[in-house]
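The values are calculated or read from the model by the stated rules, or taken from the named source; none is laboratory data. None of the values given here were measured: they were computed from a predicted structure. Here the Cβ positions follow ideal geometry from the backbone for every residue, glycine too, while neighbour counts run over all protein chains shown. Protein only, heavy atoms only, side chains kept; ligands, DNA and RNA dropped before computing areas. Shrake-Rupley method; radii C 1.70, N 1.55, O 1.52, S 1.80 Å.
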Amino acid sequence: MLSSVIHHYSYNPDTKSLKIAFVSGLVYQYKNVPKRIFKGLTEATSKGQYFNTFIKDHYSFSKFEDA
């Protein structure tokens, strides 16, 4: 996955949680994310733009310590 903003991401379909590790070292877990949103992220040409448009400010999240 090539992105200048997102280093890694993973999705748990059972809990509908999307964990995103950013290149800055910050890690967030977004809650109640539909599978279609995760699929859209995996298919997006620009992961950062997709994140800003469809995930950021749309889902509650927990912030983790730096990865």
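General observations
- Selection count, the stretch 51-67, where residues are assigned to a helix (DSSP H, G or I) and within 14 Å of His7 (Cα to Cα): 1
- Residue match in the stretch 42-64 (condition: in contact with a strand residue (DSSP E or B) (Cβ under 8 Å, 6 or more places away or on another chain), at pLDDT 95 or above, among the small types (Gly, Ala, Ser) and surrounded by 11 or more Cβ atoms within 10 Å (Cβ to Cβ)): yes
- Of all residues making up the stretch 41-50, the number that are part of a helix (DSSP H, G or I), among the polar types (S, T, N, Q) and farther than 16 Å from Ala21 by Cβ: 1
- Counted residues, the stretch 1-33 - those being in a loop (DSSP other than H, G, I, E, B), under 14 Å from Phe61 (Cα atoms) and open to solvent by 20 Å² or more (accessible area, probe 1.4 Å): 5
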